[in-house]
Amino acid sequence: HHGFGRAIVATADDFGHTGSPPSHPEILERLAADFIADDWAVKRLLRRLVTTRTFRAAAAASPEAHATDPDNRLLSHARPRRLEAEAIRDAMLAVSGELDETMGGPGIDLHATGKTEGAGPTGPLDGARRRSLYLRSRRNSFDPFLEVCDLPKPSTTRGVRDATTSPTQALALLNAPFVHEQAAKWGARVAAEEGDHAARVRRMLRAGLAREPDAAEIAALVAGRAAAAAAGAPAEGYADVAHAIFCLREFIHVD
């Protein structure tokens, strides 16, 4: 489910008679047998899955796949999907150079907003730079940025999360204080690096999109940086570039 975007049993929280039948029963049996033989080693199972040809397949579907399996139930090609809410936040911390990769430790109180004030102690806007895993969650207090990106309510069990596309998500990427803060920190770090504007923007695109950008993309963002820098400090121009990258579909989707 987490590796391919769809489980062999699509109803991941219902393996009973009211759930969906497995799409690949023979593979399910083989994976279960291998899992037992490997002494229940989850990492070995995941390694076996992500090194398959199916996992490495491209997202483009063939005409035959469109005709015979339009929902891609049989995984003939990759399933484009949006990152989960926590992964979007963590990715912003990672590319901005702010992510604290320390494992374990106490939870971090949520930063108080109009929606969360009065629900307990308030924490820093960046969550002390910790992964979203360590943000405390209360029944009546949620991180508004994570919530708009479909973080489930902790009061209910969800086997498969919602993955919506809504105007409020685009508005959150444009306006959320956390997003602006991380864009500013990324921009300040890039402004202090060596190289000309094009080289810096190229590195930002490679970090944010995990691919080599083309000349037109670099030129557009260099021009945007120049316009923003003309109205303020040089770092502000790179902060605008960082913010633009955060808002790209490629940044929050896996193809």
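The values are calculated or read from the model by the stated rules, or taken from the named source; none is laboratory data. Only a predicted model underlies this, so the values are computations on that prediction, with no experimental measurement involved. When we count neighbours, we look across all protein chains shown, and the Cβ atoms used for this are built from the backbone with ideal geometry, even at glycine. What goes into the accessible areas is simple: the full protein's heavy atoms, side chains included, and nothing from ligands, DNA or RNA. Shrake-Rupley method; radii C 1.70, N 1.55, O 1.52, S 1.80 Å.
Between E217 and D39, the modelled labels are 4.4 nm apart [label points 7 Å from Cα along Cα→Cβ]. For the chain, the relative contact order comes to 17 percent (Cα pairs under 8 Å, sequence separation of at least 6).
Counted without the sites themselves, the longest stretch of the chain free of chymotrypsin sites (Phe, Trp or Tyr not before Pro) in a DSSP loop having at most 16 other beta carbon atoms within 10 Å is 56-255.
Counting only alpha carbon atoms, the long axis of helix 177-191 and the longest principal axis of the chain meet at about 70°.
Taking 4 °C and 1.567 mPa s as conditions, region 98-215 diffuses translationally at an estimated 78 µm²/s according to Stokes-Einstein applied to its Kirkwood radius (Cα pairs).
For region 1-79, the relative contact order comes to 27 percent (Cα pairs under 8 Å, sequence separation of at least 6). Principal-axis analysis of the Cα atoms of the chain puts helix 197-209 at an angle of about 30° to the longest axis.
Please give the FRET efficiency for T52 paired with N140, using the beta carbon to beta carbon distance and R0 = 30 Å, rounded to the nearest 0.05. That pair, T52 with N140, gives E of 0.10. Relative to the first principal axis of the alpha-carbon coordinates of the chain, what is the inclination of helix 234-246, with its axis defined by its Cα atoms, in degrees from 0 to 90 and to the nearest 10? On a 0 to 90 degree scale, this one is about 20. Residues whose amide H comes within less than 5 Å of that of I108, counting only those at least five positions distant or on another chain, are L135, R136 (H built at 1.01 Å from N in the peptide plane). Close amide-amide hydrogen proximity is noted between H253 and L83, each under 5 Å apart and 5 or more residues distant or on a separate chain (H modeled in the peptide plane; Pro and chain starts excluded). Take the Cβ atoms of R203 and T18, set R0 to 41 Å, and the FRET efficiency comes out at 0.20.
Per residue, region 30-126 exposes an accessible area of 63 Å² to a 1.4 Å probe, with every protein chain left in place.
The distance between label points at A60 and L83 comes to 2.6 nm (points 7 Å beyond Cα on the Cα→Cβ vector). Applying 1/(1 + (r/R0)^6) with R0 = 41 Å to the Cβ-Cβ distance of T11 and T122 gives a FRET efficiency near 0.60.
At q = 0.15 Å⁻¹ the log10 of I(q)/I(0) for region 1-127 amounts to -0.96, computed by Debye summation with a single uniform scatterer per C-alpha, solvent ignored. Measure off, as a whole percent, the carbon and sulfur share of the 1.4 Å-probe accessible area of the chain, all protein chains present. Percent of accessible area from carbon and sulfur atoms in the chain: 57. Dipole magnitude for the chain: about 220 debye, using +1 per Lys or Arg Cβ and -1 per Asp or Glu Cβ, origin at the Cα centre.
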